[in-house]
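Let me begin by presenting the structure, written as structure tokens, before commenting on it.
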Amino acid sequence: MPPILARARCTLAWTAVALGCLAAGPAAAQNAYPNHPITLVVPFAAGGPTDVVARSLGAAMSKTLGQSIVIENRTGAGGTLASTHVARAAPDGYTFLIHHNGMATAPALYRKLPYDPLKDFDYVGQVADVPMTLLGRKDLPAADMPAFIKYAREKGDKVNLANAGLGAVSQLCGMLLQEALGTQFTTVPYAGTAPALTALLGGQVDVLCDQTTQTIPHIKAERVKLYGVTTLDRIKALPDAPTLQESGLKGFEVKVWHGVYAPKGTPPEAIAKFNAALRAGLKDPAFRQKMADLGAEIVPESKQTPAGLQTWLQSEVNKWGPIIRKAGVYAD
Ligand code: MLT
């Protein structure tokens, strides 16, 4: 259905619910939003870092909503297929998207992006910030970051760098890393960093920059080589891990942030309820403990709002556009 018809259908449906509430009294409770499961679209593979945040958050939010949140993994084109899908979905309060920095980097990375992150969505709020880790396969002949810098500069495009496609944070981190090292690796894209990490564990690729929400258990089990964390300061969840800036890449910083979006035109009542459930979910002790164990930090309350996400997204679009255009990385 064309978005404009979907929107009209949706407005009518919500009006009918409102009239039903006035006319039918207690029966209206049956119509109250949400009255069936809600879909939360994840732009990357199941089991990966975005999926981990989405599933934990969905479980916490469903306690408030009284309905389950069904996770739908729509992978491809560095997250832009999922964003396109949600931008065109019926704005009926039953389809949402969780996405990260890729929402802000895609406009510079894709010359023909079929949606505008600043115009085609309604905003629910931000979730959590997550550090990244630079990992090597277990048998890579470079014991630490200084040794990896030397190795990378010597081997150049013989080094295989996995990522989750243009628009993924693993791509962003890899792009900044190659620029900082003055090298060009061979890039191997996957549908998410879950399959990319599987390839690293199997020794099919050499290096991966990935979020702590997926990598910490593998680092602790020593299944990979950890070269460093991408934050300016060391992180609580991996206190012994040096930052990349400590190891010579001065000012190197990539932090992953997450936002929840709805198709433009979603009824404000649905956004308000979903946002209230988001804020309650971010206070949920089990969710908070899981995020802390995986190195993620819940955002302050000012960012957990539609306006907080919208302002942040605009600032990130402004920040990354010039950096990406300067790097000359894009898809036609
Ligand atoms: C994932 O969930 O697979 C990652 O967030 C992909 C990425 O952005 O690197």
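All of the numbers you see were taken from the coordinates with simple rules; none came from a lab. Everything quoted here is computed from the prediction, not taken from an experiment. Cβ sites come from the backbone with ideal geometry, for glycine too, and all protein chains shown count toward neighbours.
Ratio to report: Rg/Rh of the chain, with Cα atoms as the point set and Rh obtained by the Kirkwood method; give two decimals. My calculation of the ratio gives 1.01. Exposure proxy for 325, 137: other Cβ atoms within 10 Å of each Cβ, ordered fewest to most, give 325, 137. The phi-based Karplus calculation (6.51 cos²θ - 1.76 cosθ + 1.60; θ = phi - 60°) puts the 3J(HN,Hα) values of segment 290-302 at 4, 4, 4, 4, 9, x, 8, 10, 5, 6, x, 4, 5 Hz, whole numbers, x for Gly and Pro. Neighbour counting of Cβ atoms within 10 Å sorts the residues 56, 315, 62, fewest neighbours leading, into 315, 62, 56.
Excluding residue 220 itself, what net charge comes from residues whose Cβ is under 12 Å from its Cβ, given Lys and Arg +1 and Asp and Glu -1?
-2
When only alpha carbons are used to place a centre, segment 114-148 and segment 160-202 end up 10 Å from one another. Ordered by the count of other Cβ atoms within 10 Å of each Cβ, fewest first, 84, 193, 231 give 84, 231, 193. Taking the chain as a Gaussian network of alpha-carbon nodes connected by springs under 10 Å, the highest mean-square fluctuation of the residues 300, 117, 263 belongs to 300. Across segment 190-201, rounded Karplus estimates of 3J(HN,Hα) from the backbone phi angles (6.51 cos²θ - 1.76 cosθ + 1.60, θ = phi - 60°) give 10, 7, x, 7, 5, x, 5, 5, 4, 5, 5, 5 Hz, Gly and Pro being marked x. Here the 3J(HN,Hα) profile of segment 55-67, calculated from phi with Karplus coefficients 6.51, -1.76 and 1.60 at θ = phi - 60°, is 5, 5, 5, x, 5, 5, 5, 5, 5, 7, 6, x, 9 Hz, Gly and Pro shown as x. Here segment 279-332 is described by how far its Cα atoms reach on the three principal axes: 43, 26, 18 Å, from widest to narrowest.
The distance separating the Cα centre of segment 261-304 from that of segment 217-242 comes to 26 Å.
What FRET efficiency comes out for the pair residue 116/residue 201, r = Cβ-Cβ distance, R0 = 45 Å, nearest 0.05?
About 0.75, to the nearest 0.05.
The modelled label-to-label distance for the pair residue 55/residue 186, using points 7 Å beyond Cα in the direction of Cβ, is 3.3 nm. Close amide H contacts of residue 163 (hydrogens built in the peptide plane, cut-off under 5 Å, sequence separation of 5 or more or a different chain): 188, 190. Working from label points 7 Å from Cα in the Cα-to-Cβ sense, the residue 233 to residue 72 distance is 4.1 nm. Between residue 205 and 200, the built amide H atoms are under 5 Å apart, and every one of these is 5 or more places off in sequence or on another chain.
For residue 41, the residues 5 or more places off, or on other chains, whose built amide H falls under 5 Å of its own are 72, 96, 97, 98.
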